[in-house]
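Notes follow the structure.
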């Protein structure tokens, strides 16, 4: 079941999911089985997206610029912090 849901999250078609399940040595799945299992994911996602946001929600905002420079004779891409801010928002 978790394999089917993971494949769905990554955008696999029902045919690709069926091929994946068969490759694992299991019997194939029907389109309706895949749809039912993935429908459970959709319900959980909608419940998460529609939950009430109340109270204080602290957050950290970071800004950085990625630059290429030489370190120890080798080229490296590093992040140079431009700024950081901590704040707290109240949602009602």
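Contact order, relative form, for the chain: 23 percent (alpha carbon pairs under 8 Å, 6 or more residues apart, mean separation divided by residue count). Measuring r between the beta carbons of residue 19 and residue 59 and using R0 = 25 Å, the FRET efficiency lands at 0.05. Helix 14-23 axis versus longest C-alpha principal axis of the chain: approximately 80°, rounded to the nearest ten. In the chain, the calculated helix contribution to ellipticity at 222 nm averages -12500 deg cm²/dmol per residue, counting -39,500 (n - 2.57) for every DSSP H run with n ≥ 4. Spin-label pair residue 36-residue 6: with each label point 7 Å from Cα along the Cα-Cβ axis, the two points sit 2.3 nm from one another. Let a ≥ b ≥ c be the square roots of the eigenvalues of the Cα gyration tensor of segment 28-76; is it rounded (a/c under 1.5), or, if not, prolate (a/b larger than b/c) or oblate? Judged from the Cα gyration tensor, segment 28-76 comes out oblate (a/c at least 1.5, b/c at or above a/b). So, in Å, what gap is there between the alpha-carbon centers of segment 1-38 and segment 42-75? Between the Cα centres of segment 1-38 and segment 42-75 lies a distance of 30 Å.
Which shape class, rounded, prolate or oblate, goes with the chain when its Cα gyration tensor gives a ≥ b ≥ c as root eigenvalues, a/c under 1.5 marks rounded, and past that a/b bigger than b/c marks prolate? The shape class here is oblate. A crude spin-label estimate for the pair residue 67 and residue 27, with each label 7 Å from Cα along the Cβ direction, gives 6.3 nm.
The numbers here are math on the coordinates, done by the rules we state, and not lab data. Please read all numbers here as calculations on a predicted model, not as lab measurements. Backbone-built Cβ (ideal geometry, glycine too); neighbour counts: all protein chains shown.
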